[in-house]
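Chemist: One structure is given below, represented as structure tokens, and several questions about it will come after.
The values are calculated or read from the model by the stated rules, or taken from the named source; none is laboratory data. Please read all numbers here as calculations on a predicted model, not as lab measurements. Heads up, the Cβs are rebuilt from the backbone with ideal geometry, glycines too, and the neighbour counts pull from every protein chain shown. For the accessible areas, the whole protein counts, side chains as well, though only heavy atoms, and no ligand, DNA or RNA atoms are used. Shrake-Rupley method; radii C 1.70, N 1.55, O 1.52, S 1.80 Å.
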Amino acid sequence: MSSAVQGLSLPDGYDLRMFDELDGTNAEALRMDCPHGLVIVAREQSAGRGRLQRTWFSAPGNLYATICVELKDAHAAGQLAFVSALAVLETVSKFAPQATFSVKWPNDILYAGQKLSGILIEAGNTGGFAIGIGINLSRQPPENQVRFPATTLEAVLGQKVQQEAVIELLCQEFDLWFRRWQAEGFEPLKDAWLASAFGIGDTIVATTGNGQVKGRFKGLDEDGTLILADEKGKRHFVTAGDVFFPERNE
């Protein structure tokens, strides 16, 4: 059963719905056709998903949320990864201003090389997009269930974090970055993302649908595509895939 949440300061037009348990917040948003401003939050997910249908650790104690948006230009949907990554980055940074967080391409948030948050974006059938955001607030997945070391915001901060406070700030930050993107284009988001990028200049192995590409992480192109330069100096452009940092033993 869902309930509207009272008392939180959300941006105009945002409609927050809380559930004790869902199969997945993205799944619920997609069933509702992803109207702009709908926010779905579950305290627990029974079938949480990450990229490539991987299981997302979804025990109680963390934040599982989906923010829905509608776009005039669906071709720009890939840049939502950077909008949402910056929103999460700003959110956790304001809770733990003494900490330094980074962004692993395109939208994982890390602390000290450990994953704190992941994002999954899915298109609906009527033009809306479901932006699923998972943030480890108090619990992290067992080491044998993840491909990347994980941590929690409470471990970083050293004290308990209220889920409602995180939701409120996340929606506010998302709205700010979304509006800036719509008004100014991708360039300011690209600059902000690169300022906190994990592993610039490091060797990356990118696993894509066409195999693996290895090279130095050179940056992003004008639409967020990852740029790698191999040992011969040839540039490779990665639009989607998993990235690993062998020099960091990851």
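Chemist: Could you provide, to the nearest whole Å², the per residue accessible area of the chain with probe 1.4 Å?
Modeler: Accessible area per residue: 48 Å².
Chemist: Counting only protein heavy atoms, what percent of the accessible surface of region 56-95 is carbon or sulfur at a 1.4 Å probe?
Modeler: Carbon and sulfur atoms account for 57 percent of the accessible area of region 56-95.
Chemist: Projecting each Cα onto the charge dipole of the chain (Lys/Arg +1, Asp/Glu -1 at the beta carbon, about the Cα centre), which of Phe129, Gln114, Gly24 comes out farthest on the positive side?
Modeler: So the residue we want is Gln114.
Chemist: Quickly estimate the mean residue ellipticity at 222 nm for the chain, helices only: each DSSP H run with n ≥ 4 gives -39500 (n - 2.57), and the total goes over all residues, rounded to 500.
Modeler: -7500 deg cm²/dmol
Chemist: Let me ask you something else. Per residue of region 155-162, in order, report the coupling 6.51 cos²θ - 1.76 cosθ + 1.60 (Karplus, θ = phi - 60°) as ³J(HN,Hα) in whole Hz, putting x for Gly and Pro.
Modeler: For region 155-162, the Karplus-derived couplings read 5, 5, 7, x, 7, 5, 10, 7 Hz, x marking Gly and Pro.
Chemist: Give me the net charge for the shell around Thr152: Cβ to Cβ below 12 angstrom, other residues only, Lys and Arg +1, Asp and Glu -1.
Modeler: Details: positive: Lys115, Arg139, Lys160; negative: Glu154.
Result for the neighbourhood of Thr152: +2.
Chemist: In addition: First check a/c for region 125-250, with a ≥ b ≥ c the square roots of the eigenvalues of its C-alpha gyration tensor; if it is under 1.5, answer rounded, and if not, answer prolate when a/b is larger than b/c or oblate otherwise.
Modeler: In terms of gyration-tensor shape, oblate.
Chemist: Oh, and also: With unit charges on the beta carbon (Lys/Arg positive, Asp/Glu negative), name the residue among Ile227, Pro246, Thr151 whose Cα is farthest towards the positive pole of the charge dipole of the chain.
Modeler: Of the candidates, Pro246 comes out farthest on the positive side.
Chemist: Which angle between 0 and 90 degrees, to the nearest 10, do you get for helix 80-95 versus the longest principal axis of the chain when only C-alpha atoms count?
Modeler: Relative to the chain, helix 80-95 is tipped by roughly 70 degrees.
Chemist: A further question follows. Under unit Cβ charges (Lys, Arg +1; Asp, Glu -1), what dipole magnitude, rounded to 20 debye, does the chain have relative to its Cα centre?
Modeler: 680
Chemist: Still on this structure, please answer the following. Just to verify a number: what accessible area does Tyr111 come out at with the full protein assembly present, 1.4 Å probe, Å² rounded to tens?
Modeler: Result for Tyr111: roughly 70 Å² accessible.
Chemist: Here is a further query. Pop out the ³J(HN,Hα) list for region 222-235 in order, Karplus 6.51 cos²θ - 1.76 cosθ + 1.60 with θ = phi - 60°, rounded to Hz; leave Gly and Pro as x.
Modeler: Once rounded to whole Hz, the list reads 5, 10, x, 5, 6, 10, 10, 10, 6, 5, 8, x, 6, 8.
Chemist: Let me ask you something else. Under a 5 Å amide H to amide H cut-off, with H placed in plane at 1.01 Å, what residues pair with Ile204 once short-range neighbours are removed?
Modeler: Hits under the 5 Å cutoff: Gly215, Arg216, Phe217.
Chemist: What residue among Phe198, Pro11, His36 has its Cα farthest toward the positive end of the dipole of the chain, where the charges are +1 on Lys, Arg and -1 on Asp, Glu, each on the Cβ?
Modeler: So the residue furthest toward the plus end is Phe198.
Chemist: Another one. Mind checking region 148-217 for trypsin sites (Lys or Arg not before Pro) that DSSP puts in a loop (not H, G, I, E or B) and that have at most 15 other Cβ atoms within 10 Å?
Modeler: In loop regions of region 148-217 (DSSP not H, G, I, E or B), the sparsely surrounded trypsin sites (Lys or Arg not before Pro) are Lys160.
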